[in-house]
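Undergrad: I am attaching a structure below and will ask some questions about it afterwards.
The values are calculated or read from the model by the stated rules, or taken from the named source; none is laboratory data. Everything numeric in this text was worked out from a predicted model, so none of it was measured. Don't worry about glycine lacking a Cβ; one is built from the backbone with ideal geometry, like all the others, and counts go over all protein chains shown. Accessible surface is based on the protein model in full, side chains and every heavy atom, while ligands, DNA and RNA are left aside. Shrake-Rupley method; radii C 1.70, N 1.55, O 1.52, S 1.80 Å.
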Amino acid sequence: MKKISGANAFIEALRCEGVKHVFGYPGGAVLDIFDAIMDAEDIEFILSRHEQGAVHAADGYARASGKVGVCLVTSGPGATNTVTGIATAYMDSIPMVVFTGQVPTHLIGNDAFQEADIVGITRPCTKHNYLVKNISDLARVVKEAFYIARTGRSGPVLVDLPKDVMKDTIFFKYPDNVVMDSYCPTYKGHPGQIKRIVNLILKSRKPVIYAGGGVVHANASKVLVDFARSMNLPVTTTLMGLGAFPSDDPLSLGMLGMHGTYAANMAVTHTDCLVAIGSRFDDRVTGKIDEFAPKAKIIHIDIDPTSISKNVKVDLPVVGDSRMVLQGMLSQVKDAGDEVKVLLKGIKPWLKRIDAWKKEQPLRYSKGKAIKPQYVVEMIDRLTPDDTIISTEVGQNQMWTAQFYKFNEPRLFLTSGGLGTMGYGFPAAIGAQVAFPGRTVIDIAGDGSIQMNIQELATVVQYRLPVKVMILNNGYLGMVRQWQALFYNKRYSHTSLEISPDYIKLAEAYGAEGIRVTEPSEVEGAIKQALAIEGPVFVDFIVESEEDVYPMVPAGAPINNMLLV
Amino acid sequence: MRHAISVLVDNEAGVLSRVIGLFSGRGFNIESLSVAPTLDPAKSMMVITTSGNEQVLEQIKKQLNKLINVIKVVDFVGKEFVEREMILIKVKAKEETRAEVLRIADIFRAKVVDVSSSSYTLALTGDKRKLEGFIEILHPIGIIDFIRTGTVIMEREMHGRRKLKV
C-alpha cells in the first residue's frame with residue numbers, strides 16, 4: 001500500500017459510498033480533485049453552467065432515485081452559489097452531500113482570494129457540516145457525511161475541503177462503521193404507541209390520513225396503501241407527499257392546504273381522527289392553525305421529534321420511520337379482526353360524505369379561447385408514460401401540476417415544497433434524467449421560473465439529456481400576480497414580464513429544439529411532437545395570461561374557507 | 001418560566017455557534033450562557049438559561065438534541081440541583097459608605113477583590129436570586145459597573161432516599 005493524495009483519497013471515498021454521478025463546477029481550490037476525477041472512469045461528472053444548477057441537479061437525482069445526491073464545487077462564490085440549493089434540500093429533507101473547495105488551511109480567515117466561511121454560512125441550512133482541517137479526518141468525515149445525509153430525517157450535509165488537505169498524502173483506509181455517540185435516529189416506533197394509534201383509529205368514525213414527504217423518503221408508499229385499504233381510510237397528501245398514495249385510488253382525496261382540493265380540506269376540517277404520517281403541519285397545509293382539524297384527535301408519526309407538537313398539539317405522537325411504524329400498524333390491524341369490521345361499517349356515512357364533497361366541488365377550470373394551463377398539464381399527464389418524472393418550478397405552474405397531473409407512484413414528482421425555489425425544476429429534471437436516462441423527464445415551468453436557471457440548456461445539450469421543458473407562458477409572475485389581483489386591488493407591481501426571450505430561438509441557440517404553441521387545438525400535437533424528439537426540447541405554451549389557481553385558501557384563513565373560482 | 005438547561009456537546013470548533021445559531025434562528029431566548037470543557041476534555045458542557053412556555057421549551061430541547069454535536073440535554077426544572085453564578089461588582093465607596101459596603105459584602109459572603117480610594121470591587125457567587133438581591137441592596141450606595149457570568153448547574157447527588165440540601 002502506498003500513500004495517495006487527499007484528492008485521490010476523496011475519490012476513493014466516493015467510490016466506497018457507491019457514488020456514480022457527481023454534479024458540479026470546477027475552480028481554483030478544487031483543481032486537485034478535478035485532476036483526480038478525470039481518471040475516475042467509474043464516476044461520471046456532470047458539468048452544470050452555474051453551481052445552483054449543479055446542486056439542484058444533485059437534489060433532483062436524489063429525489064428521483066432515493067440515493068444520496070453529490071455535488072462538488074469550488075470555494076468562495078462556487079460555494080455560496082450552492083446555498084439556495086442546499087436550503088431547498090434542507091427544507092424538503094433531501095439526502096445530499098455537497099463538497100466545497102476551500103482555501104488552504106493557513107489562509108483560512110485571511111480574506112484570501114475566493115474565500116468564504118461556507119461552513120458558517122450553511123450551518124442553519126444543512127443537517128450538519130464539516131471543515132476537514134486534517135487529511136487524517138478525511139475518510140471518516142466523508143463516511144459520516146453520507147451516513148448523516150441518508151439516515152434519520154435525511155438532509156443535506158456540506159463538507160469543506162481546503163486545498164492543502166487535498167494535496168497532502170495519506171495511507172487511505174475507509175472506515176467500516178460510523179461511530180457517533182451523539183447521533184442515533186429512532187426508526188422503530190414505540191410498540192405501545194402503535195397499538196394505541198390503531199385503537200384510536202378503530203374508535204373513530206371520520207378518520208383521515210394526512211401523508212407527507214416522509215412517506216416518500218421512507219419508501220413507505222406500498223405499506224401506506226395497504227394500511228389505508230385495510231381500514232378504508234381516506235388519504236390526503238401534502239405537496240411533498242404527492243405520489244405516496246395513488247391519485248386514482250377511490251380513497252385518494254388529492255392534496256390538501258392552500259391550493260388543495262375541496263374534499264381534502266373539508267375532510268380534514270370535519271375529521272374526528274387525523275393520522276399525520278411524515279408530514280409537518282406546514283402553514284401552507286394548515287391555514288389558520290387554531291381551526292385546523294378542530295374536531296380531531298391528532299396522531300402524528302414522524303422520524304423527527306422536533307416536528308411533533310411544533311405547530312399543532314398532538315394527542316398521540318410516535319417517533320419513528322414511517323414505513324416501520326406503518327408496518328407495525330398494519331399487523332395490529334390484522335390482529336384486530338372484528339373491530340375492523342365494525343369500523344368498516346361505521347365509517348360508511350363518512351366515506352359517502354367525502355364522495356359528495358368530491359362531486360360537489362371537483363378540481364376544474366373553464367375552457368376559453370386561449371390555451372388553459374390546466375389543460376396543458378392534463379394533456380401532459382394523458383400523453384406521457386406511467387413512469388414519467390415530472391419536476392416543476394415554483395408558483396402557478398407548480399400548483400397546477402400538483403392539481404391536474406395524477407401521480408400514482410412516489411418519486412415521480414420533484415418540486416421545491418418547503419423553500420419554494422424558483423429555478424429548481426429545470427436542473428432537478430437534469431438530475432432525474434441522469435439517474436434514469438431511459439425515462440421521460442419533464443419540467444413543467446413558468447416563464448418567470450425558467451429564466452432563473454436557463455443557462456442549464458447548455459448542460460442538457462452537452463450531455464444529451466432529453467429533458468422536455470413545458471413552459472406555461474403567461475407573461476407574468478403568475479402566482480404573485482394572482483395575489484396582487486385578489487388582495488392588492490389588481491395593482492400588478494412588477495409582476496408583468498414585459499420582455500422575455502424568444503424561447504424557440506433561445507433553445508435553438510443552445511442546440512436544443514423549440515416548439516411554440518398558441519392554440520388549444522395544437523396542444524396535444526405539440527406535446528406528442530416534443531416527446532418524439534430524441535433530444536431536449538423547450539415547448540412554449542402561450543397560455544391564458546390571467547388564469548388563477550383555485551381552490552385557494554387566503555393566507556391565514558382556515559382551510560375550509562376556500563375561494564373556489 | 002425560567003429553565004436552566006445543560007447541554008453536553010463535542011468540544012469542537014463551531015459547536016457553540018451551532019447552538020447559538022439555533023436559538024437566534026428559531027427565535028428562542030437566551031438569558032445566560034456558560035460553556036467550558038468537562039472532565040472528559042473531548043466534551044464541553046454548556047448551561048443555558050432560557051424561558052418560554054411548555055411548548056417552546058419542548059421545542060428547544062428537541063432542537064438541541066437534533067444537533068449532531070449535542071450528546072445530552074438536561075432540563076433542571078423539577079430536579080434537585082445546585083446552581084451558581086458569579087458577579088464582579090464595582091461600588092462607589094465614599095468615606096460615609098465604605099463601612100456599609102463592607103458590611104453588606106460580609107452579609108452576602110462576598111469578597112473584596114479590588115479596592116481604590118473611591119470604590120470597592122466585590123466578587124460574589126450564588127444563585128440568580130442571591131445575586132439580584134445583592135445588586136438591589138448595593139444599588140442605593142452607587143453601582144459603578146458590574147459583570148455577571150452565566151449559570152453553572154449540577155444535579156444533587158442522592159444520599160439514601162432523599163437528596164441533602166446544603
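Undergrad: Suppose every K and R has +1 on its Cβ and every D and E has -1 on its Cβ; what is the size of the dipole of the range A:1-100 about the Cα centre, in Debye to the nearest 20? Working shown, then result.
TA: Working: 7 positive and 11 negative charges, 26 e Å.
In debye, rounded to 20, the range A:1-100 gives about 120.
Undergrad: Over the range B:81-153, what percent of the accessible surface lies on carbon and sulfur atoms, probe 1.4 Å? Kindly include the intermediate steps, with their values, before the conclusion.
TA: On the way: 2410 of 4490 Å².
The C+S portion of the solvent-accessible surface of the range B:81-153 is 54 percent.
Undergrad: Which lysines have a Cα lying under 18 Å from the Cα of A:Lys352, excluding residues fewer than 8 positions away in the same chain?
TA: Straight-line reach from A:Lys352, under 18 Å: A:Lys206, A:Lys341.
Undergrad: If contacts are Cα pairs under 8 angstrom and at least 6 residues apart, what is the relative contact order of the range A:191-360 in percent?
TA: With pairs under 8 Å counted, the relative contact order is 28 percent.
Undergrad: Give me the count of lysine pairs in the range A:220-319 whose alpha carbons sit under 22 angstrom apart, restricted to pairs 8 or more positions apart or on different chains.
TA: Values: A:Lys288/A:Lys297; A:Lys288/A:Lys310; A:Lys288/A:Lys313; A:Lys295/A:Lys310; A:Lys295/A:Lys313; A:Lys297/A:Lys310; A:Lys297/A:Lys313.
Eligible lysine pairs with Cα atoms under 22 Å apart amount to 7.
Undergrad: Out of the DSSP beta bridges found with both residues in the range A:373-542, what percent are antiparallel (nearest 5)? Intermediate results must be reported in sequence, preceding the final value.
TA: Details: 1 of 23 bridges.
So the antiparallel bridges amount to about 5 percent of the total.
Undergrad: Can you give the angle from 0 to 90° between the axis of helix B:128-138 and the longest principal axis of chain B, with both taken from C-alpha atoms, to the nearest 10?
TA: Around 20 degrees separate the two axes.
Undergrad: Just to confirm the filter: which GluC sites (Glu not before Pro) across the range A:495-565 are DSSP coil and have at most 15 other Cβ within 10 angstrom of their Cβ? Write down the numbers at each step before the final one.
TA: Working: sites: A:Glu498, A:Glu508, A:Glu513, A:Glu522, A:Glu524, A:Glu534, A:Glu544, A:Glu546, A:Glu547; in loops: A:Glu498, A:Glu534, A:Glu544, A:Glu546, A:Glu547.
Loop-located and lightly packed - A:Glu498, A:Glu534, A:Glu546.
Undergrad: Also, quick follow-up: Quick one: what does P(r) look like for the range A:149-308 with 10 Å bins over all Cα pairs, in whole %?
TA: 10, 34, 29, 12, 9, 6, 1
Undergrad: Of all the Cα-Cα pairs you can form in chain A, what percent are over 47 Å apart? Numbers along the way, then the final one.
TA: Numbers: 22646 of 159330 pairs.
Distances greater than 47 Å cover 14 percent of the Cα pairs.
Undergrad: Between beta-carbons, use under 13 Å as the cut-off and find the net charge around A:Lys222, counting Lys and Arg +1, Asp and Glu -1. Spell out each step's value before the answer.
TA: Numbers: positive: A:Arg229, A:Arg323, A:Arg411; negative: A:Asp226, A:Asp249, A:Glu409.
For residues surrounding A:Lys222, the net value is 0.
Undergrad: Keeping all protein chains in the complex and leaving out DNA, RNA and ligands, what accessible area do you get for A:Ile108 with a 1.4 Å probe, in Å² to the nearest 10?
TA: Accessible area, nearest 10 Å²: 60 Å².
Undergrad: Apply the a/c threshold of 1.5 to the C-alpha gyration tensor of the range A:4-170 and tell me whether it is rounded, prolate or oblate. Present the calculation step by step, with values, prior to reporting the outcome.
TA: Details: a/c = 1.40, a/b = 1.19, b/c = 1.18.
Cα axes put the range A:4-170 in the rounded bin.
Undergrad: Here's another thing I want to ask about it. Express as a percent, rounded to the nearest 5, the fraction of DSSP beta bridges in chain A (both residues included) that run antiparallel. Walk me through the numbers before you get to the answer.
TA: On the way: 5 of 70 bridges.
Close to 5 percent.
Undergrad: Please enumerate, by chain and number, the lysines with C-alpha under 27 Å from the C-alpha of A:Lys163, excluding those fewer than 8 residues away in the same chain.
TA: A:Lys2, A:Lys3, A:Lys20, A:Lys127, A:Lys133, A:Lys143, A:Lys173
Undergrad: Placing +1 on the Cβ of each Lys and Arg and -1 on the Cβ of each Asp and Glu in the protein assembly as shown, which of A:Pro250, A:Pro162, A:Ala428 has its Cα farthest towards the positive end of the resulting dipole?
TA: Looking along the dipole axis, the top candidate is A:Pro250.
Undergrad: Under a Cβ-only charge scheme (Lys and Arg +1, Asp and Glu -1), can you give me the dipole magnitude of the protein assembly as shown about the Cα centre, in debye to the nearest 20?
TA: Details: 83 positive and 81 negative charges, 585 e Å.
Using Cβ point charges on Lys, Arg, Asp and Glu, the protein assembly as shown gives about 2800 debye.
Undergrad: Would you tally the net charge around A:Glu393, using a Cβ to Cβ cut-off of less than 11 Å, leaving A:Glu393 out, and scoring K and R as +1, D and E as -1?
TA: On the way: positive: none; negative: A:Asp443, A:Asp447.
That sum, taken over residues with Cβ under 11 Å, equals -2.
Undergrad: What ratio of Cα Rg to 2.2 N^0.38 Å holds for the range B:81-153? Show your work: numbers first, answer last.
TA: Working: Rg = 11.8 Å, N = 73, 2.2 N^0.38 = 11.2 Å.
It is 1.05.
Undergrad: Shifting gears a bit: What do you reckon, how do B:Met158, A:Met1, A:Met552, A:Met91 stack up by accessible area (1.4 Å probe), largest on top? Walk me through the intermediate numbers first.
TA: On the way: B:Met158 105, A:Met1 170, A:Met552 0, A:Met91 75 Å².
Greatest to least solvent exposure: A:Met1, B:Met158, A:Met91, A:Met552.
Undergrad: Enumerate lysine pairs in chain B that are 8 or more residues apart or on different chains, then count those whose Cα atoms are under 19 Å apart.
TA: Eligible lysine pairs with Cα atoms under 19 Å apart amount to 19.
Undergrad: Moving on to the next point. Please report the accessible area of A:Thr126 (heavy atoms, 1.4 Å probe, ligands and nucleic acids excluded) in Å², nearest 10.
TA: Spelled out: A:Thr126, probe radius 1.4 Å, area about 10 Å².
Undergrad: How big is the shadow of the Cα convex hull of the range A:174-260, averaged over all directions, in nm²? Before the final figure, lay out each step's value.
TA: Details: hull surface 34.9 nm².
If you wrap the Cα atoms of the range A:174-260 in a convex hull and average its projections, you get 8.7 nm².
Undergrad: Let me ask something else. Kindly state, to the nearest 0.05, the FRET efficiency for A:Glu534 paired with A:Phe45, given R0 = 35 Å and r defined as their beta-carbon distance.
TA: Details: r = 23 Å, r/R0 = 0.66.
That gives a FRET efficiency of 0.90.
Undergrad: Calculate log10 I(q)/I(0) of chain B for q = 0.10, 0.12, 0.14, 0.16 Å⁻¹, where I(q) comes from the Debye formula with a single equal point scatterer on each Cα and nothing for solvent.
TA: Result of the Debye calculation: -0.49, -0.66, -0.83, -0.96.
Undergrad: Take every DSSP beta bridge whose two residues both sit in the range A:4-170, then give the antiparallel share in percent to the nearest 5.
TA: Values: 2 of 24 bridges.
Among the beta bridges of the range A:4-170, antiparallel pairing accounts for roughly 10 percent.
Undergrad: Roughly how many percent of the accessible protein surface of the range A:253-361 is carbon and sulfur, given a 1.4 Å probe and a whole-percent answer?
TA: Carbon-and-sulfur percentage of accessible area, whole number: 52.
Undergrad: Right, another one. If you take the square roots of the eigenvalues of the alpha-carbon gyration tensor of the range A:88-192 and sort them as a ≥ b ≥ c, do you get rounded (a/c under 1.5), prolate (a/b over b/c) or oblate? Could you put the intermediate results ahead of the total?
TA: Numbers: a/c = 2.98, a/b = 1.56, b/c = 1.91.
The shape class here is oblate.
Undergrad: Shifting gears a bit: Between A:Ala509 and A:Thr105, with labels modelled 7 Å along Cα→Cβ, what's the label distance in nm to one decimal, could you check?
TA: 4.7 nm
Undergrad: To the nearest hundred square angstrom, how large is the accessible surface buried between A and B, total for both chains, probe 1.4 angstrom? List each step's numbers first, then the result.
TA: On the way: alone 22490 and 10450 Å², together 31530 Å².
That pair of chains buries around 1400 Å² in total.
Undergrad: Could I have the simple spin-label model distance between A:Asp272 and A:Glu498, label points 7 Å from Cα toward Cβ, reported in nm to one decimal?
TA: If labels sit at A:Asp272 and A:Glu498, their model points lie 6.0 nm apart.
Undergrad: Another one. Please give the direction-averaged projected area of the C-alpha convex hull for the range B:2-75, in square nanometres with one decimal. Let's see the in-between values first.
TA: On the way: hull surface 17.3 nm².
Mean orientational projected area (the range B:2-75, Cα hull): 4.3 nm².
Undergrad: Let me ask something else about it. In sequence order, what are the phi-derived ³J(HN,Hα) couplings for the range B:8-15 according to the Karplus relation 6.51 cos²θ - 1.76 cosθ + 1.60 with θ = phi - 60°, rounded to whole Hz, with x for glycine and proline?
TA: With coefficients 6.51, -1.76 and 1.60, one gets 8, 10, 5, 7, 10, 4, x, 5 Hz.
Undergrad: Right, another one. How much FRET efficiency would the formula 1/(1 + (r/R0)^6) give for A:Lys173 and A:Leu31, where r is the Cβ-Cβ distance and R0 is 22 Å, rounded to 0.05? Don't skip to the end; give the middle numbers.
TA: Details: r = 25 Å, r/R0 = 1.15.
Rounded to the nearest 0.05, the efficiency is 0.30.
Undergrad: Using the basic label-point model (7 angstrom from Cα toward the beta carbon), what is the A:Asp249 to A:Arg364 distance in nanometres?
TA: Reported label-point gap for A:Asp249 and A:Arg364 is 2.7 nm.
Undergrad: Return the Cα extents of the range A:373-542 along principal axes one, two and three, sorted largest first, each rounded to a whole Å.
TA: 48, 36, 33
Undergrad: Please list 3J(HN,Hα) in residue order for the range A:5-19, calculated via the Karplus relation 6.51 cos²θ - 1.76 cosθ + 1.60 where θ = phi - 60°; whole Hz, with x for glycine and proline.
TA: Using θ = phi - 60°, the values come out as 6, x, 4, 5, 5, 4, 4, 4, 5, 4, 4, 4, 7, x, 6 Hz.
Undergrad: If you don't mind, another one. Mind checking the full-extension length gain between B:Ile20 and B:Met1? Use 0.36 nm per residue of separation minus the Cα-Cα distance, one decimal, nm.
TA: Working: separation 19, 0.36 × 19 = 6.84 nm, distance 2.00 nm.
Length gained between B:Ile20 and B:Met1: 4.8 nm.
Undergrad: Considering only protein heavy atoms, what is the solvent-accessible area of A:Val179 at a probe of 1.4 Å, reported in Å² to the nearest 10?
TA: Rounded to the nearest 10, the figure is 130 Å².
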